[in-house]
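The values are calculated or read from the model by the stated rules, or taken from the named source; none is laboratory data. Predicted model, so just to flag it, every value in this text is computed and none were measured. Cβ sites come from the backbone with ideal geometry, for glycine too, and all protein chains shown count toward neighbours. The protein model used for the area step is the full one, side chains on, heavy atoms only, and it has no ligands, DNA or RNA in it. Shrake-Rupley method; radii C 1.70, N 1.55, O 1.52, S 1.80 Å.
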2 protein chains.
Amino acid sequence: MIDLDVVDRKILDLLQEDGRMTNAELADKINLSPSACLRRVRRLEDEGVIAGYVMLLDQRAIGRPDDIFIEITLVSQSQECQEAFERAVRECRDIMECYLMAGEADYLLRVAAAGTADYERIHKSHLSRLPGVSRIRSNFALRTVCKTTAFTCRI
Amino acid sequence: MIDLDVVDRKILDLLQEDGRMTNAELADKINLSPSACLRRVRRLEDEGVIAGYVMLLDQRAIGRPDDIFIEITLVSQSQECQEAFERAVRECRDIMECYLMAGEADYLLRVAAAGTADYERIHKSHLSRLPGVSRIRSNFALRTVCKTTAFTCRI
DNA sequence: CCTGAAAGGGACTGCGA
DNA sequence: TCGCAGTCCCTTTCAGG
């Protein structure tokens, strides 16, 4: 576990909000010279604190506004069964997230779809064909209340 | 709904993978001049296709490796009840996502915690104090099988 | 750990096609 | 739309404290 000082936290907060902020602007906001600022950012990247930088698409604008959460139960929790299922999940580009769960269902998935008709297609051609599935339960999200990729770096 | 040509899709694919790629490198990869490339990126930003650029933190490295999915049922689905609940949710920095759901539970939340003890703290001091809650059901994720912020721009 | 200087490269704009 | 060319700013490294 890496320890982060106040300046590191400020850097992380700012870059979580704007991943393309220039080093010069970042340095200015934390009152540090650009070279010192860059060295800290590189250190955070090298240490693995910073996982990466990404562009986010607007789900609506690209025509996939709907989120569906899917609980999946497997016929068996054997290692082979899980591995086969997970391999297939990772290859399906409609599945945005997948978690192995404690509790009732074995897996929780999030799929992004273009309405119910598109979800039916995804269900038919992908989800129902995932190996070792015994039960699928789909839950539609009506609206996203909030969503963030940013963690609060408590100072 | 905006129509995106093949070049736009390539731009979106590349920037979703690396949000800090320089315009010069991006232009090179799509075989376009930097000025033409930059113009397209700006158009995609202005049109709202690109929602933004963010840095991603490694949940493990910052000491919050655990994801908990929480189904919440309200005492009433009246508009006031929903609004009060959602306002409180948006102010809680431990809640990473919240969706209004169709189906059994009213809301689905994701919380990032530092182990079960930390989740107990979050549950006690935040979740159980959210207004109008009748039932809370917590589901721990044992492992993240896959997770992406990137949509496939089918070419 | 920091600052500052210097070189090299990128971002952005205006113009002609 | 594109590409080109010019200007300005940023990135990055290195020397020195």
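In the set (1) more than 9 Å from chain B (Cβ to nearest Cβ); (2) part of a loop (DSSP other than H, G, I, E, B); (3) among the polar types (S, T, N, Q), the condition left unmet by A:Thr152 is number (1).
Counting only helices (runs of 4 or more DSSP H) that sit completely within region A:1-105, zero hold 3 or more residues that are in contact with a helix residue (DSSP H, G or I) (Cβ under 8 Å, 6 or more places away or on another chain) and within 7 Å of another protein chain (Cβ to nearest Cβ). Among all positions in region A:72-83, there is no residue which is within 16 Å of DNA strand D (Cβ to nearest atom) and either free of Cβ contacts under 8 Å to residues at least 24 places away in the same chain or open to solvent by less than 30 Å² (accessible area, probe 1.4 Å) (or both). Does any residue of region A:135-148 turn out to be more than 7 Å from chain B (Cβ to nearest Cβ), surrounded by fewer than 19 Cβ atoms within 10 Å (Cβ to Cβ), of a type in the set (D, E, K, R) and part of a strand (DSSP E or B)? Taking every residue of region A:135-148 in turn, at least one turns out to be more than 7 Å from chain B (Cβ to nearest Cβ), surrounded by fewer than 19 Cβ atoms within 10 Å (Cβ to Cβ), of a type in the set (D, E, K, R) and part of a strand (DSSP E or B). Total residues in region B:54-68 satisfying the condition of being open to solvent by 10 Å² or more (accessible area, probe 1.4 Å) and touching a residue at least 12 places away in the same chain (Cβ under 8 Å): the figure is 7. Scanning region A:34-43 for any residue that is within 16 Å of DNA strand C (Cβ to nearest atom) and of a type in the set (Gly, Ala, Ser) turns up at least one such residue.
Considering each residue of region B:51-69 in turn, none proves to be more than 20 Å from the chain's Cα centre (by Cα) and over 24 Å from A:Arg137 (Cβ atoms).
Just one of (1) out of contact with any Leu (no Cβ under 7 Å at 6 or more places or on another chain); (2) open to solvent by 40 Å² or more (accessible area, probe 1.4 Å) fails for B:Ala51. It is (1). Pairs linking a residue in region A:1-20 that is over 25 Å from B:Ala51 (Cβ atoms) to a residue that is modelled with pLDDT under 95 and hydrophobic (A, V, I, L, M, F, W, C), with Cβ atoms under 6 Å and 6 or more positions apart or on different chains, are A:Val6/A:Ile155.
Of the residues making up region B:109-130, just one is assigned to a loop (DSSP other than H, G, I, E, B), hydrophobic (A, V, I, L, M, F, W, C) and within 20 Å of A:Thr149 (Cα to Cα), namely B:Ala114.
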